[in-house]
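Coordinate-derived values only; no laboratory data. As the structure is a prediction and not an experimental result, all values here were calculated from the model. FYI the Cβ positions are ideal-geometry reconstructions off the backbone, even for glycines, and counts take in every protein chain you see.
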Amino acid sequence: MSNMSPDLAALIGSRICHDLISPIGAINNGLELLGMSGDVSGPELSLISESVDNASARIRFFRLAFGAAGEQDVSAREIRGVLTDMTRASKLTIHWDAEEAVPRRIVRILFLAGSPHCPTSGTAPRHPPSHWAAIHR
């Protein structure tokens with residue numbers, strides 16, 4: 001696999017994310033229908049719902065980090081959304097202070113390098129003109 005081009009790896013990553021998000025979305029839709037029917041309730045439905053939300057958040061993270069979507073900028077809103085969803089079921093809290101869009105390659109580096117180093121909480125502020133800092137608290 002070391003001879004695989006980055007473009008091919010990104011295309012494979014995008015395809016895997018695409019193929020996984022459809023059944024995860026279908027499970028989520030089924031859960032919503034079950035909830036609306038009122039026939040099913042209890043901790044089982046809640047556990048399945050939390051697991052589906054977690055899987056969906058991870059797919060969004062992987063799509064952003066490994067997908068083949070060129071080098072366009074990623075909005076601060078999308079970054080915050082992915083980080084919030086990824087950490088919802090954990091003790092980890094990440095605050096994204098930047099308000100401007102960020103190049104995808106920078107987001108990839110920050111996501112992949114930063115998450116293992118912030119086991120409990122952290123902040124990723126941008127210090128002008130172009131310096132980033134990950135602060136563990």
The long-range amide H neighbours of VAL74, using H built 1.01 Å from N in the peptide plane and a cut-off of under 5 Å, are VAL102, ARG104
Heads up, the range 1-70 by the C-alpha gyration tensor (a ≥ b ≥ c square roots of eigenvalues; a/c under 1.5 rounded, else a/b over b/c prolate, else oblate) looks prolate
In debye to the nearest 20, the charge dipole size for the range 1-70, taken about the Cα centre with +1 at each Lys and Arg Cβ and -1 at each Asp and Glu Cβ, equals 340 debye
Residues whose built amide H sits under 5 Å from the amide H of ALA98, excluding neighbours closer than 5 in sequence, are ARG126
Diffing the range 94-106: the Karplus 3J(HN,Hα) column from phi (6.51, -1.76, 1.60, θ = phi - 60°), in whole Hz with x for Gly and Pro, holds 10, 9, 9, 8, 5, 9, 8, 5, 10, x, 3, 5, 5
